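Take a look at the structure below.
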Amino acid sequence: MKVAVIGCTHAGTAAITNILNMYPEAEIDVFEKNDNVSFLSCGIALYVGGVVKDSDGLFYASVEGFEEQGVRMHMQHVVTECDTSNKTLEAKNLKTNLTKKYSYDKLIITSGSWPVTPPIPGSDLENVQICKNFHHANEIIERAKSAKNIVVVGAGYIGIELVEAFEQAGKHVTLIDSEKRILNRYLDEEFTSPIERTLTEKGVSLALKQTVSSFQGKDGKVTQVITGQSSYEADLVIMCIGFRPNTTLFTGQVEMLKNGAIIVDEYMQTSKKDVFAAGDCCAVAYNPTKKTAYIPLATNAVRMGTLAAYNLLAPRLAHQGTQGTSGLKIHQHNISATGLTETAAAAAGIRVESALLEDTYRPEFMPENAVLRLKVVYEVDSHRIVGAQVISEADFTQAMNTLSVAIQNKMTIEQMAMTDFFFQPHYNKPWNYLNQVCIQAMKQIEEKQGKQQKAVS
Ligand SMILES: Cc1cc2nc3c(=O)[nH]c(=O)nc-3n(C[C@H](O)[C@H](O)[C@H](O)COP(=O)(O)OP(=O)(O)OC[C@H]3O[C@@H](n4cnc5c(N)ncnc54)[C@H](O)[C@@H]3O)c2cc1C
């Protein structure tokens with residue numbers, strides 16, 4: 001069996017590693033346009049901030065390692081054509097500019113995503129930078145050295161992490177986003193406000209509800225970012241406004257969402273026989289809405305890459321969907337979230353209510369304690385949990401993994417309220433905070449029902 005894999009970051013690496021284990025007889029051809037594999041882009045902000053000192057730590061697989069296991073690694077080869085009907089592809093060697101044709105029996109597309117770059121006038125100025133791969137990370141570090149004023153456009157996870165890294169390096173940082181809150185897609189206001197306060201206290205300029213209209217420069221280098229309301233000095237601009245699937249090669253060959261994300265079934269099979277896809281190039285089944293969504297995350301990529309390998313010969317292990325669970329640490333704030341926020345639920349047309357708990361996590365007699373803020377979002381009609389968020393100076397981020405399992409298994413507020421969790425004063429109270437927030441939700445539901453009954457009688 002000849003297997004071709006296009007792209008070798010998280011999804012590709014997971015697929016190859018598992019194919020090597022499961023089908024030792026397989027001939028594997030890997031095409032990767034970069035000169036490295038398995039780059040952990042999640043480490044970029046820590047690398048830029050100097051926390052990660054040795055860049056080797058940003059990789060967990062190597063070209064040599066795969067080659068030793070018999071994989072044909074076509075590095076710095078970009079796939080320029082793919083004929084999924086005749087099972088052939090063409091790849092251009094970027095070092096020699098020569099193009100060669102290859103054939104395969106099974107294809108795994110793990111071509112990932114690329115940052116969204118709207119056609120803003122001045123985008124081509126020097127020092128207007130995107131942030132995705134190892135090459136970008138090194139460029140950002142180099143350019144930041146001489147920069148005093150750095151503007152980050154996009155207040156999602158990646159933008160916020162870079163803002164913290166630059167601010168800690170003593171730069172004057174401006175964060176621009178067209179939404180009125182940072183991290184708007186991941187967290188509700190009770191969770192974004194404390195982070196915004198901290199960033200402002202640290203001297204970061206928040207330019208929210210503003211859209212970049214142009215970049216201006218001098219001698220070919222960016223100097224100003226212009227928005228509808230104002231202008232900001234900039235020696236370096238990092239664009240972090242989202243990602244789009246890297247799938248134009250396959251347009252018209254496999255079914256896709258409108259944004260180009262490849263649609264796969266639960267076995268990572270595309271609409272074309274013997275063509276599998278995984279990771280950021282794909283749409284995923286999103287359990288909170290029970291619909292497909294585009295959620296580019298490394299967690300989804302490694303899972304889907306692994307599943308593509310499992311199901312290469314026959315469907316045997318199904319994807320269980322995702323909650324888009326994510327975590328973030330900004331200064332003293334430990335934050336994580338899973339599923340839908342209230343804002344996202346409203347946008348998805350799902351009727352939800354929420355319960356918010358703010359409490360110390362240990363009994364009051366404990367000499368050291370911390371407050372956590374925890375919200376659970378649930379469907380009004382079914383009481384099914386569809387999302388949750390937590391923030392604290394102590395680390396409760398794993399609680400969102402527990403709630404991710406709850407959402408995946410369609411648990412209700414009542415079921416979660418009465419779920420068995422241990423108690424030990426070092427770690428929690430007799431009612432664990434996850435039980436507590438759901439008990440609070442139950443009380444709210446009962447109060448509402450009581451009021452409705454009174455109104456009827
Ligand atoms: C700064 C940053 C921080 C992040 N932090 C987190 C985090 O904390 N947690 C988390 O879960 N996720 C995080 N992510 C997202 C995560 O990195 C992605 O979801 C993940 O990289 C997706 O892996 P992938 O293999 O599907 O695709 P990609 O990483 O996009 O890799 C695709 C690969 O395919 C190659 N390729 C594409 N087209 C071709 C072609 N035609 N020919 C040859 N090769 C091709 C590319 O060169 C690339 O190496 C972060 C992303 C960034 C940019």
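All of the numbers you see were taken from the coordinates with simple rules; none came from a lab. Bear in mind the structure is a predicted one, so any value in this text is a computation, not a measurement. Neighbour counts run over all protein chains shown; Cβ positions are idealised from the backbone, glycine included.
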Problem set entry | Distance between modelled label sites at Arg316 and Asp359, nm, 7 Å Cα→Cβ extension | 4.6
Exercise. Taking the alpha-carbon centroid of each part, what is the distance from segment 286-310 to segment 325-379 in angstrom?
Worked result: 23
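By counting other Cβ atoms within 10 Å of each Cβ, how are Asp420, Asp177 ranked from fewest to most?
Numbers: Asp420 6, Asp177 25.
Ordered from fewest to most neighbouring Cβ atoms within 10 Å, Asp420, Asp177 come out as Asp420, Asp177.
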Exercise. Could you give the nm distance between label points at Val371 and Lys101, where each point is 7 Å from its Cα heading toward the beta carbon?
Worked result: 6.9
Problem set entry | Taking the convex hull of Cα positions in the chain, its mean projected area over all directions (nm²) | 26.2
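List the GluC sites (Glu not before Pro) within segment 1-74 that DSSP assigns to loop and that have no more than 10 neighbouring Cβ atoms inside 10 Å.
Sparse-neighbourhood loop GluC sites (Glu not before Pro): Glu25.
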Exercise. At a Förster distance of 22 Å, what's the computed FRET efficiency of Asn138 paired with Gln76, Cβ-Cβ distance as r, to 0.05?
Worked result: 0.85
Seminar exercise, completed: Filtering chymotrypsin sites (Phe, Trp or Tyr not before Pro) in segment 286-372 by DSSP loop and by at most 13 other Cβ atoms within 10 Å leaves Phe365
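For the chain, what is the mean residue ellipticity at 222 nm derived from helices alone (per DSSP H run of n ≥ 4: -39500 (n - 2.57); sum divided by total residues; nearest 500 deg cm²/dmol)?
On the way: 11 runs with 119 residues, N = 457.
Mean residue ellipticity at 222 nm (helix-derived): -8000 deg cm²/dmol.
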Exercise. Hey, which lysines would be in cross-link range of Lys171, C-alpha to C-alpha under 30 Å, not counting anything within fewer than 8 residues on its own chain?
Worked result: Lys53, Lys132, Lys145, Lys148, Lys180, Lys202, Lys209, Lys218, Lys221, Lys329
Exercise. When the dipole is taken about the Cα centre of the chain, and only Lys, Arg (+1) and Asp, Glu (-1) are charged at their Cβ, what size is it in debye, to the nearest 20?
Worked result: 800
Exercise. Taking the Cα-to-Cβ direction at Leu94 and at Ser62 and moving 7 Å from each Cα, how far apart do the two end points lie in nm?
Worked result: 2.1
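Semi-axes of the equivalent ellipsoid for segment 325-457, please: Cα gyration tensor eigenvalues, times 5, square-rooted, ordered largest first, whole Å.
Details: eigenvalues 133, 69, 34 Å².
Equivalent-ellipsoid dimensions as semi-axes: 26, 19, 13 Å.
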For this session: Could you work out how far helix 399-408 tilts from the main Cα principal axis of the chain, as a 0 to 90 degree angle to the nearest 10?
Result: 80
Seminar exercise, completed: Between Thr211 and residues 5 or more places away or on another chain, the pairs with built amide H atoms under 5 Å apart involve Gly228, Gln229
For this session: For a quick protection proxy, order the peptides 179-187, 345-353 by their average other-Cβ count within 10 Å, most packed first.
Result: 179-187, 345-353
